[in-house]
Amino acid sequence: MHKTASPFLPAAFWKTLGTHILIPLFLAAGMALAYLGAFHDPAPHNLKVAIVGTSAESMVFAQTIANGAVDALDVQTVADDATAETMVRDRDIVAAYETDASHATLIVASAASDTSASAAEKIFAPIAYQQNLPLRVDDVAPVPQNDLTGQGLFFLLVALSVGGYASAIAVAAVTARVSVRWRIAVAALVAGVVSAIGIIVAGPVYHVLGSNVWPIWLFAWLYDFGIIALGVGLHPLLGKWTTPVLTMLFVMLNFTSSGGIFSAPFQPPFFAGLNTFWNGAAWLDAVQVLTYFPGQPIGFDALRLALWAAVGVSFILITHAWSARRRRLVDDSRPVSRVEEESVVAA
């Protein structure tokens, strides 16, 4: 008597499918949570703005705006428009609002964040309308002609990040059996190549970068080296999970907290917190300074990137020692063959 074939696939099939599809499902869920969580409802939180003027009337006006905005705006007063322009250029404030008898002026710097400048205009345009004053926008640091959205540097960050973590897997596989010095050296070399490709495309090809190309490349190299070193260091521990973990670190959490789409005051608290120490935010801030705001300090950004690179190198050293110890234990526990015994005796 023949057995009737089951209309359902065997349990082994579903188990195999589950193990293979787990990583894609992790990436799908992670991308949805990260991008929708960061970008679905951007709203200002303590956005720093200023009212030009120190008279009692200006003080009352600033306090009225602050009271109406609750926690959305952090409002202060400044003495004059020259001080306001300096503070906007230095990115101490996002915008400054000034009025006279005939018009209102909003001082912004779109190169710092075009979305923040647009948001400030949306906030103060109704106020100027209520005052029956035409609003003039004074952009003291405009985006260049070749990057009208002001997001060219962010897209360069995307290219560097994807090239970095994809290279990390290849470097980890190829250097698995070489000395730890060579693992670090190859990671540094590949980081230089990946960063050079990004800089060439952003600079000579599309003219997004300014004149500080070499310092920007150095920051790109340090950024990519941190990513590649971390990937190489994690690979012996995580195996096939290295790619999704790097995707989580340098796509899901990195792009959403970098400030390239919405600056920190428009991010939810979790992503705004990441912005203070994540490597993408450090790189983007440093390169914005080198491109649009030369002369401003970038030491803290360099320190953050150097710390990420140091963590990556530390992981390489730790996991290399751990892997070497595992191999020794395996070799010690392996039965000695008769040929090996005879060779030892002969020696």
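The values are calculated or read from the model by the stated rules, or taken from the named source; none is laboratory data. The model shown is predicted, which means the values in this text are computed figures rather than measured ones. When we count neighbours, we look across all protein chains shown, and the Cβ atoms used for this are built from the backbone with ideal geometry, even at glycine. When the accessible area is computed, the model is the full protein with side chains, heavy atoms only, and any ligands, DNA or RNA have been set aside. Shrake-Rupley method; radii C 1.70, N 1.55, O 1.52, S 1.80 Å.
Pick from the stretch 55-64 the residues that are open to solvent by 90 Å² or more (accessible area, probe 1.4 Å) and of a type outside the set (D, E, K, R): which of them is nearest to the chain's Cα centre (by Cα)?
GLN63
Working only within the stretch 255-288, note down all residues that are in contact with a Ser or Thr (Cβ under 6 Å, 6 or more places away or on another chain) and not hydrophobic (A, V, I, L, M, F, W, C).
Once the filter is applied, which keeps residues that are in contact with a Ser or Thr (Cβ under 6 Å, 6 or more places away or on another chain) and not hydrophobic (A, V, I, L, M, F, W, C), the stretch 255-288 yields SER263, ASN275, GLY280.
Test VAL49 against the criterion of being assigned to a strand (DSSP E or B), open to solvent by less than 80 Å² (accessible area, probe 1.4 Å) and among the aliphatic types (A, V, I, L, M), and give yes or no.
Against the criterion (assigned to a strand (DSSP E or B), open to solvent by less than 80 Å² (accessible area, probe 1.4 Å) and among the aliphatic types (A, V, I, L, M)), VAL49 qualifies.
Restricting attention to the stretch 31-45, which residues are surrounded by 13 or more Cβ atoms within 10 Å (Cβ to Cβ) and assigned to a loop (DSSP other than H, G, I, E, B)?
Selection gives PRO42, ALA43, PRO44, HIS45.
I'm trying to understand the selection: among the residues of the stretch 123-152, which are within 17 Å of VAL88 (Cβ to Cβ) and without any contact (Cβ under 8 Å) to a residue 12 or more places away in the chain?
none
How about the stretch 285-307: which of its residues are open to solvent by less than 40 Å² (accessible area, probe 1.4 Å), farther than 20 Å from ILE199 by Cα and either touching a Gly at 6+ places or on another chain (Cβ under 8 Å) or outside any helix (DSSP H, G or I) (or both)?
Hit for the stretch 285-307 is GLN296, nothing else.
Go through the stretch 122-137 and report how many residues are surrounded by 16 or more Cβ atoms within 10 Å (Cβ to Cβ) and more than 14 Å from PRO265 (Cβ to Cβ).
Qualifying residue count for the region: 6.
Residue by residue, here is whether (1) closer than 15 Å to LEU160 by Cα; (2) surrounded by 24 or more Cβ atoms within 10 Å (Cβ to Cβ); (3) under 10 Å from the mean Cα position of the chain (by Cα) holds:
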residue: ASP224; (1), (2), (3): yes, yes, no
residue: GLY233; (1), (2), (3): no, yes, no
residue: TRP241; (1), (2), (3): no, no, no
residue: PHE262; (1), (2), (3): no, no, no
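Hey, any hits in the stretch 189-210 for a residue that's in contact (Cβ under 8 Å) with a residue 40 or more places away in the chain, assigned to a helix (DSSP H, G or I) and surrounded by fewer than 17 Cβ atoms within 10 Å (Cβ to Cβ)?
For the stretch 189-210, residues in contact (Cβ under 8 Å) with a residue 40 or more places away in the chain, assigned to a helix (DSSP H, G or I) and surrounded by fewer than 17 Cβ atoms within 10 Å (Cβ to Cβ): present.
Out of all the residues in the stretch 151-187, which are surrounded by 18 or more Cβ atoms within 10 Å (Cβ to Cβ), more than 16 Å from PHE255 (Cβ to Cβ) and not β-branched (Val, Ile, Thr)?
Across the stretch 151-187, the qualifying residues are SER167, ALA168, ALA172, ARG183, ALA187.
In the stretch 131-177, how many are assigned to a loop (DSSP other than H, G, I, E, B), in contact with an Asp or Glu (Cβ under 9 Å, 6 or more places away or on another chain) and more than 17 Å from GLY198 (Cβ to Cβ)?
6
Find all pairs meeting these conditions: Cβ atoms under 7 angstrom apart; at least six residues apart or on different chains; first residue within the stretch 241-267 and assigned to a helix (DSSP H, G or I); second residue aromatic (Phe, Trp, Tyr) and open to solvent by less than 30 Å² (accessible area, probe 1.4 Å).
What qualifies is ASN254/TRP278; THR256/PHE271; SER257/PHE271; SER257/TRP278.
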